[in-house]
Amino acid sequence: MLRFLTAGESHGKGLVTIIDNFPAGVKINEDFINEKLRLRQSGYGRGARQKIETDKIEFLSGVRGGLTTGSPISFFIKNKDYENWRDRMDAFKPVQEESKIHTPRPGHADFAGSIKFGLDDIRNVLERSSARETASRVAVGAVCQIFLKNFGIEFASAVLSIGGAGIDAAQISALGKERQAENGSEEKAPSEKKMPESNCGAFFSSDANLFDETIRQNIENSELRMPYPEHEEKAKAFIDKMKTEGDTAGGLITAKAKGVPVGLGSFTQWDEKLDAHISMSVMSIQAIKSVEIGAGVKSAYLKGSECHDSIYYNDNGDSDNKEQRGLISNQTPLFKVGGGFYRKTGNAGGIEGGMSNGEIISVTCAMKPIPTLMKPYLDTVDLNTGEAKKAFLERSDVCAVPAASIVVESALAFSICYFFLKKFGGDGLAEIKRNYDGYVKK
Ligand code: EPS
């Protein structure tokens, strides 16, 4: 079973990660991993900390001569900022009373974490609960992506909106109104607001094909990792406004996987379901508050006849559309299992009955605004005295939604890799390739 563990504090020496049960013989591309780490550090609205750090992976074990050995992979990502925190983060120096924090920030792990562990300094909680840990997860996801590339599986992610600026939320309310009108409970919504019939996204999502070259370039060139440049200005203006006001911004993120063969995950047990695993991977990312697969919440508003993705078959296997939908990878001419079968819509998000169905896997999630604010807006209480206080102010980001999109993509890659290895087994790449070929080829 593929698994990983992370350790490390935000202002400690660095992050340590162990990946266990990763197959041997996989060629590791350090540049690919470091590029993902760089992307996670970037984005409009990031704070001063990212000017200090230049995250780079340092393998400690499990990779030799550029190839994985099958032994546990461990790696280190250094915190350069540790130099500025040496005294406060030292393993043995006594913690100064006056440096201790007793006022939990609402929305952070501070409150429950301090009470749960019986800690009299919130720093012990915030250091570990910090989203700094996501650097580890991005590196894990990048290693998984490197492996899955051998089977033509690709990943993409984007930011759909920030503070409501971006993909229009009116779509869903219009659909809801239309349904109410049909039920006789409300006036009919204007017809121009009707939802598109086929929709590959969730609640607020769009049909954006993140694997389309133009969209891919747009995301790459966007400081917010947004697929449509016209949304960027409004979103940036919102971030600027939040910065001026000492406030923070959240947003919506989507991540997709293309080329995933039919049958990853299983319908046979609740904890074997691919969508359940993806949801846990994504929901466990700091500040994520919702996870949707495919049409997600929107499914509640669709009729059965509109919601489910009809099944089609094309015998010759080389239809243009099939390439687009990810049924055929560059390396595998035709997936016999799932191969000629295709859908025209993606409301299931590529998962039915907890299993991949050969379509693009699509996940959308909401990130809340970061709970560390630059102005004392939020009320809190001193944990020692019960006294009413304002939440403490600490350097942070105004918006980390673009960074989080890379983390979500990585979380998705881990879940897909987990089930891929479960299905195709094997300790080394060559063995896994044989298993895979036996399943997908004629
Ligand atoms: C974070 C607060 C900020 C972020 C940090 C997460 O750090 P600092 O307190 O040093 O300014 O920059 O994220 C990272 C360091 C990172 O690499 O993503 C928090 O409180 O969660």
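The values are calculated or read from the model by the stated rules, or taken from the named source; none is laboratory data. Please read all numbers here as calculations on a predicted model, not as lab measurements. Neighbour counts run over all protein chains shown; Cβ positions are idealised from the backbone, glycine included. SASA here: full protein model, heavy atoms, side chains in, ligands and nucleic acids out. Shrake-Rupley method; radii C 1.70, N 1.55, O 1.52, S 1.80 Å.
Here is the list for the stretch 370-410: trypsin sites (Lys or Arg not before Pro) lying in DSSP coil, each with at most 10 other C-beta atoms within 10 angstrom of its C-beta, are R395.
Label positions at N183 and K13, each projected 7 Å from the Cα along the C-beta direction, are separated by 5.9 nm.
How would the stretch 3-440 be classified by its alpha-carbon gyration tensor: rounded, prolate or oblate, with rounded meaning a/c under 1.5 and the a/b versus b/c comparison settling the rest?
Oblate, because a/c is 1.5 or more while a/b does not exceed b/c.
Packing, as the average of other Cβ atoms within 10 Å across residues, places the peptides 88-97, 240-249 in the order 240-249, 88-97, highest first.
A crude spin-label estimate for the pair E98 and K389, with each label 7 Å from Cα along the Cβ direction, gives 1.6 nm. Residue-normalised convex hull volume from the C-alpha trace of the stretch 346-420: 168 Å³ per residue.
Summing Lys, Arg as +1 and Asp, Glu as -1, what charge do residues with Cβ under 11 Å from the Cβ of P376 carry, P376 excluded? Charge balance near P376 sits at +3.
Helix screen, the chain: DSSP H segments with Cα axial length of 30 Å or more and mean Kyte-Doolittle hydropathy at least 0.5 are 401-424.
Computing FRET efficiency as 1/(1 + (r/R0)^6) for K51 and Q269, where r is the C-beta to C-beta distance and R0 is 45 Å, gives about 0.45. Normalised per residue, the accessible area of the stretch 3-440 is 46 Å², obtained with a 1.4 Å probe and no contribution from ligands, DNA or RNA. Within the P(r) computed for the stretch 59-138, what percentage of the Cα pairs occupies the region above 19 Å? Considering the stretch 59-138, 55 percent of its Cα-Cα pairs are separated by more than 19 Å. May I ask for the distance between the Cα centers of the stretch 426-442 and the stretch 335-395, given as a whole number of Å? Computed from Cα coordinates, the inter-centre distance equals 33 Å. The candidates M355, M226, arranged from most to least accessible area with a 1.4 Å probe in the full protein assembly, appear as M355, M226. How many angstrom separate the Cα center of the stretch 78-132 from the Cα center of the stretch 251-286? Here the two parts' Cα centres lie 32 Å apart. Placing a pseudo-label 7 Å from each Cα along the Cα-to-Cβ vector at S284 and S305 gives an inter-label distance of 4.3 nm. GNM, the chain, Cα, under 10 Å: largest mean-square fluctuation among F59, F211, F22? Comparing F59, F211, F22 in a Gaussian network model of the chain, the most mobile one is F59.
Split the accessible area of the stretch 3-440 by element, probe 1.4 Å, and carbon with sulfur accounts for 52%.
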